[in-house]
Amino acid sequence: LRDKSKDVWEECYRSPFVQGLGDGALDRDSFKFYLIQDYIYLIRYARVFAAGALRSPNERIMSHFTAAQHSIICGEMELHRSYMREFGITEEEAGAARQSLMNNAYTSNMMSVALTGGAAETIAVALPCAWSYRDYAVRLARDFEDKMEGNFYRSWVRSYSSDEYRASFEWMFGDLDELCEGKTGRGLAELEEIFRTSVEFEYLFWDMSYKRQMSY
């Protein structure tokens, strides 16, 4: 799946927002915009996992979806809350903020796939977000090692490059392989398209945040 989307995957990593996290040069107003929009995104992302649990074919896969939802709400969102506190943004303010057009398009697509497809489709639509964050953070920590000291975004890089974060979504790889057993060429092609669409939305989300763009 990643090989099929390699071009846009790498464009995401080279985007000015992601590179700015690594060298610390990202405008803090852009990061503040990202924090609020990603706070909204994560709430809807967690609901995608709830839908995945509903569509799971067995208890084991259901438990993976529910554990992931808990990790998002009680783990990943705490990083956002800590950054928001630094910016003086309250949870009430973030919760009342308007969702950007691109954010709405991305999360609506994920929920549509989760509600109309099965567990395999739900993993395919959700995996690019988790996997790319881990991949980019690991690469940023390596590529900008000499700039991490004093980097305002160091905790973001450290959190998403951690083994704990990888463990929160690692189950997706094995479960998706299992769920793909017996799928036809057409079924696999549909999963590839679902995955790639989410990678493309990831690029657009970074770009939107960099430009602080609410709409067209």
Fill in the blank from the handout: With all protein chains present, the chain has a carbon and sulfur share of its accessible area (1.4 Å probe) in percent of 50
Exercise for the section: Name the residue, out of Glu164, Glu92, Glu178, whose mean-square fluctuation peaks in a Gaussian network model built on the chain with Cα pairs under 10 Å. Expected result: Glu92
Practice task
Please identify, among Arg81, Arg158, Arg98, the residue showing maximal mean-square fluctuation in a Gaussian network model of the chain using a 10 angstrom Cα cutoff.
Solution key: Arg98
Handout entry: Cα long-axis angle, helix 77-87 against the chain (0 to 90 degrees, to the nearest 10)
Key = 20
Practice task
Would you mind getting the accessible area per residue of the chain, heavy atoms of the protein chains only, 1.4 Å probe, in Å²?
Solution key: 48
Handout entry: Over the chain, volume per residue of the alpha carbon convex hull, in Å³
Key = 117
Fill in the blank from the handout: Semi-axes (Å, rounded, descending) of the ellipsoid equivalent to the stretch 1-68 per its C-alpha gyration tensor are 31, 18, 9
Exercise for the section: Sequence neighbours fewer than 8 away in the same chain don't count; with that in mind, list the aspartates and glutamates whose C-alpha is under 16 Å from Lys6. Expected result: Asp135, Glu192, Glu193, Glu200, Glu202
Exercise for the section: For Ala97 paired with Lys147, estimate the spin-label separation in nm (one decimal), with each label point 7 Å from Cα along the Cα-to-Cβ line. Expected result: 2.4
Completion exercise
Rh_Kirkwood(the stretch 145-206) over Cα pairs, Å, one decimal, evaluates to 14.7
Handout entry: Set of lysines with alpha-carbon distance to Lys211 below 17 Å, sequence-local pairs under 8 removed
Key = Lys32
Problem - ³J(HN,Hα) computed for each position of the stretch 106-121 - Karplus, 6.51 cos²θ - 1.76 cosθ + 1.60, integer Hz, glycine/proline x - result: 5, 5, 5, 5, 4, 5, 4, 5, 5, 8, 9, x, x, 4, 5, 5
Handout entry: Computed Rg/Rh of the stretch 113-216, alpha carbon atoms with Kirkwood Rh
Key = 1.05
Exercise for the section: Using a Gaussian network model of the chain whose springs link C-alpha atoms within less than 10 Å, name the residue from Gly150, Gly187, Gly117 with the highest mean-square fluctuation. Expected result: Gly150
Problem - More than 23 angstrom apart: percent of Cα pairs within the stretch 45-142 - result: 36
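The values are calculated or read from the model by the stated rules, or taken from the named source; none is laboratory data. Small disclaimer: the values here were computed from a predicted structure and weren't measured. All Cβ positions, even for glycine, are placed from backbone atoms using ideal geometry, and neighbour counts span all protein chains on display. The accessibility values were calculated without ligands, DNA or RNA, using every heavy atom of the protein model including side chains. Shrake-Rupley method; radii C 1.70, N 1.55, O 1.52, S 1.80 Å.
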